[in-house]
Amino acid sequence: ELEKGISDYLKADKKTRDSYSTGQQIGKNITDFLKMQKLEGVVDEKFIVQGIMDVVKKKDLLFAKDSIDTFMRQYMQDNITRLQNENLKKGNEFLEAKKKDSKVKATESGSLYEVVTEGTGEMPTENSIVEVHYKGQTSDGKEFDASQEGQPAKFPLANVIQGWKEGLQLMKVGAKYKFYIPANLGYGEFGDPSGKIGPNETLIFDVELVSTEEMPAQQQQQGQPQLSPEQMEELQRMMQQQGN
């Protein structure tokens, strides 16, 4: 079936291929939009297709052209508000349950952490450049990011979310911790632009601190860390992963 699908596509004339490719890209954009808005399983696919084809074929539309923008803005805002409330409630319940675990400790800001393995090396400061292995999950266990196997991520501590800044400064090199980070110390009420992290999402991170080094004093005074080519490459990789 896979071979037939490839063969049929290659044998098709250019107009057919271009038309199908256009439809495929539109479908991908719609899928990404539904995922970002957390609308998978909420909207009816056949009406999505009908809406597209009614516009393409210039049929009478269910919504007047001058009203659809207003409707969609309000619809998306209502949907985001719903997700913010649902995720905040779910996250708070998750954190409250974690607080009952004797292995879990809390910081003054409300972030939680669990010591899996204690380290013996140096501790980072807010001016450190750290090297870590990590895995990030939402509170329901869905993984959204991770360092490459065998290749720790390296970045200035000043460039990460507040929950990471606090948590890593509690660790010694060689330590493995779990962070349970509330939304206000993570990606906030709007989440991550890629859609992988929703609005007001509580996050879980498994983190191993591999190394730490102080940022040069000149860079600290400048306030904007000057990254090495290797660090720039790592940050670009992370941004690309989030954008996929």
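Over the range 80-229, what is the relative contact order in percent, taking alpha-carbon pairs closer than 8 angstrom and at least six residues apart?
31
What list of ³J(HN,Hα) couplings, whole Hz, do you get for the range 60-76 from phi and the Karplus terms 6.51, -1.76, 1.60, once you set θ to phi - 60° and write x for glycine and proline?
5, 9, 6, 10, 5, 4, 7, 10, 5, 5, 4, 4, 5, 4, 5, 4, 5
By how many nm would the segment from LEU62 to ILE30 lengthen if fully extended, with 0.36 nm per residue of separation less the alpha-carbon distance?
The span from LEU62 to ILE30 would gain 9.6 nm if fully extended.
Given the pairs LYS35/LYS178; LYS105/LYS176; LYS135/LYS172; LYS98/LYS135; LYS154/LYS178; LYS135/LYS196, which span a C-alpha to C-alpha distance of over 21 angstrom in this model?
With Cα atoms farther than 21 Å apart: LYS35/LYS178.
If you rank ASP54, ASP13, ASP60 by how much accessible surface each has, with a 1.4 Å probe, what is the order from largest down?
Largest accessible area first, the list is ASP60, ASP13, ASP54.
Strictly over 19 Å apart at the Cα level, which of LYS38/LYS89; LYS38/LYS100; LYS100/LYS142 would you flag in this model?
Violating the 19 Å Cα-Cα cut-off are LYS38/LYS100; LYS100/LYS142.
Could you work out what % of the accessible surface of the chain is carbon and sulfur, using a 1.4 angstrom probe and leaving DNA, RNA and ligands out of the count?
53
Determine the order of VAL207, VAL49, VAL160 by accessible area, beginning with the largest, at a probe radius of 1.4 Å.
VAL49, VAL160, VAL207
Note down the net charge around SER128, summing +1 for each Lys or Arg and -1 for each Asp or Glu among other residues with Cβ under 15 Å from its Cβ.
Net charge around SER128: -3.
Which distance in nm do the two modelled labels at GLU189 and VAL160 give, with both placed 7 Å along the Cα-to-Cβ direction?
Placing both labels 7 Å beyond Cα along the Cβ direction yields 2.7 nm.
Kindly identify the range 1-100 as rounded, prolate or oblate by the Cα gyration tensor criterion: order the square roots of the eigenvalues as a ≥ b ≥ c, call it rounded if a/c is under 1.5, otherwise compare a/b with b/c, prolate if a/b is larger, else oblate.
In terms of gyration-tensor shape, oblate.
Over all Cα pairs of the chain, how is the pair count split among 10 Å bins, expressed in % and running from 0 up to the last occupied bin?
Per 10 Å bin, starting at 0, the Cα pair percentages come out as 6, 23, 26, 20, 15, 9, 1, 0.
The values are calculated or read from the model by the stated rules, or taken from the named source; none is laboratory data. Computed from a predicted model, the values in this text were never measured in an experiment. Counting neighbours? That spans all protein chains shown, and the Cβs are built from the backbone with ideal geometry, glycine included. Ligands, DNA and RNA are excluded from the accessible area calculation, which covers all protein heavy atoms including side chains. Shrake-Rupley method; radii C 1.70, N 1.55, O 1.52, S 1.80 Å.
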